[in-house]
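All remarks here apply to the structure that follows.
The numbers here are math on the coordinates, done by the rules we state, and not lab data. Note that the structure is predicted; figures quoted are calculated from it, not measured. Positions of Cβ are backbone-derived with ideal geometry, glycine not excepted, and every protein chain shown enters the neighbour counts.
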Amino acid sequence: MKVLVVGGGGREHALAWKMAQSPKVQAVYVAPGNGGTALDSRLENIAITDVQALRGWAQSEKIALTVVGPEQPLAAGIVDEFRAHGLRVFGPTRAAAQLESSKAFSKAFMKRHGIPTADYESFSDPLAAHAYVERKGAPIVVKADGLAAGKGVVVAMSLAEAHQAIDFMLAPETGANPLGVTHNAGGARVVIEEFLQGEEASFIVMCDGKNVTALATSQDHKRLLDGDAGPNTGGMGAYSPAPVVTPQIHARAMREIILPTIKGMAQDGIPFTGFLYAGLMIDAQGQPKTLEFNCRMGDPETQPIMMRLKSDLFDVMMAATSGQLDQIELDWDRRPALGVVMAAHGYPLNPRKGDLVTGLPSLDSLKQANAMVFHAGTVTPPPGQGGKGEVLSAGGRVLCVTALGHTVKEAQKRAYEIADGIIFAGAQFRTDIGFRAIKS
């Protein structure tokens, strides 16, 4: 069987890496892939990003299964396009992907179906948004309505920060950029939410339109610097499982958030298939509330989750695209996994590209160490374009060094030992990934 993984980040590298381990899979293609997928002999990069062209290629190559990683092609309707031509694809339709692609749609959906979330209002008028913030006070959360690559949120601890975020998102020609936030094109709308306190966790499930299977719990670190300081990023590291998600909280999240969401989408005539990521805020009383929905696996959460998954991912995906997830029981490595993101100089505001990456361990040595280096923002320029077989940085988050350990502390130690040996100019990474789990 031939498999196609759409995307070029760390999440897609992890999915392709895991898919290639299936004895039923003869070839795994990654479109467009990255430097890490180019270095793995079991994977092949495909330089096609246009949805229709990629669909045509998948038809001609008789691809048995396509898995879509990033949010952009989902919002562009890649699942609709593939399905319309009889191709088996795992992911939500364009309409269902609005749970992520529009914060306003998502919040209105949660309100309509009684799903616990922060109180909010949506605004397209800057003056009305400023007046609302003045009325509510700080801290308060300002979100760009559209896709923003995980960087469309400002947690404003002061009124000044909130006003600055509104100006940038709704009037980008006059507003200064607060903390590296990415705004939606044109800044058409913002969602302003109450500030929730507690501990965050990533709750990711697979859905086939009706049935739901929960993946291992995980927790990521959004802030750039140790101690959860500095600007928000796409994620500086993650670990699985997340101790904060106790069996009781897990049951509540499924009962109060996940299952009502899947049921509500079906009731609204938009059945949800694919990965559903609920970012949860869990308060001191164990009450989970939904911070956001993503219609994909998290990044960097996918990397430690895939390290722990013992089931054949191809079998799981085939069941999910056949409406048979209720017949699947996932098997997990009991050991925790932890991933440390190595980011480029200047990330998240102005990440530098083109730095030479050295010290990457071989795949064999990583396997022996129960570890893996998943690439995100890397390229391997071909010889015809001046390449000499080297790996260069090509994005904000460059690598995610991920390891298993008998304890979170052991997994952390192993990941940092490997990360310390990888060198590129201006590399930055946190030194405290997993500190909450270790403390608990």
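Here the gap between Q52 and A214, fully extended at 0.36 nm per residue and compared with their Cα-Cα distance, gives a gain of 55.1 nm. In order along the range 155-169, the Karplus-derived 3J(HN,Hα) couplings, from 6.51 cos²θ - 1.76 cosθ + 1.60 at θ = phi - 60°, round to 8, 7, 8, 9, 4, 4, 5, 5, 5, 5, 5, 4, 4, 5, 6 Hz, and Gly and Pro are given as x. Please check which bits of the range 1-43 a label hung off Q324 would reach, taking the label as a point 7 Å along Cα-to-C-beta and the cut-off as backbone N under 20 Å. What the label zone holds, given the 20 Å backbone N cut-off, is 1-4, 19, 22-26. Once backbone amide H atoms are built at 1.01 Å from N, A376 has L399, C400 as its partners under 5 Å, excluding neighbours fewer than 5 places away on the same chain. Within the straight-line cut-off of under 22 Å between alpha carbons, the lysines reachable from K439 are K222, K409, K413, sequence neighbours fewer than 8 places apart in one chain being disregarded.
Sort F90, F293 by Cβ crowding within 10 Å, fewest neighbours at the top. All intermediate terms of the calculation are to be shown ahead of the outcome.
Numbers: F90 21, F293 24.
Ordered by Cβ neighbours within 10 Å, fewest first: F90, F293.
From helices alone, the chain scores -8000 deg cm²/dmol at 222 nm; the rule is -39500 (n - 2.57) for each run of n ≥ 4 DSSP H residues, then divide by the residue total. A simple spin-label model places the labels of D333 and E121 5.0 nm from each other, with each point 7 Å out along Cα-to-Cβ. When you restrict to C-alpha pairs under 8 Å that are six or more residues apart and normalise by the size of the range 1-108, the relative contact order lands at 24 percent. Phi angles across the range 14-28 convert, under the Karplus curve 6.51 cos²θ - 1.76 cosθ + 1.60 with θ = phi - 60°, into 3J(HN,Hα) values of 5, 5, 5, 4, 6, 4, 5, 7, 6, x, 8, 9, 8, 8, 10 Hz, Gly and Pro given as x. For the pair E199 and K353, the difference between a 0.36 nm per residue extended length and the Cα-Cα distance amounts to 52.1 nm. If you count Lys pairs in the range 58-164 whose Cα atoms are under 29 Å apart, skipping same-chain pairs closer than 8 places in sequence, the total is 12. Under 14 Å Cα-Cα from K24, which aspartates and glutamates qualify once same-chain neighbours fewer than 8 residues away are excluded? Partners within reach: D312, D315. How charged is the neighbourhood of V28? Take every other residue with its Cβ under 10 Å from the Cβ of V28, and add Lys/Arg as +1 and Asp/Glu as -1. Within the 10 Å Cβ shell, the charges total +1.
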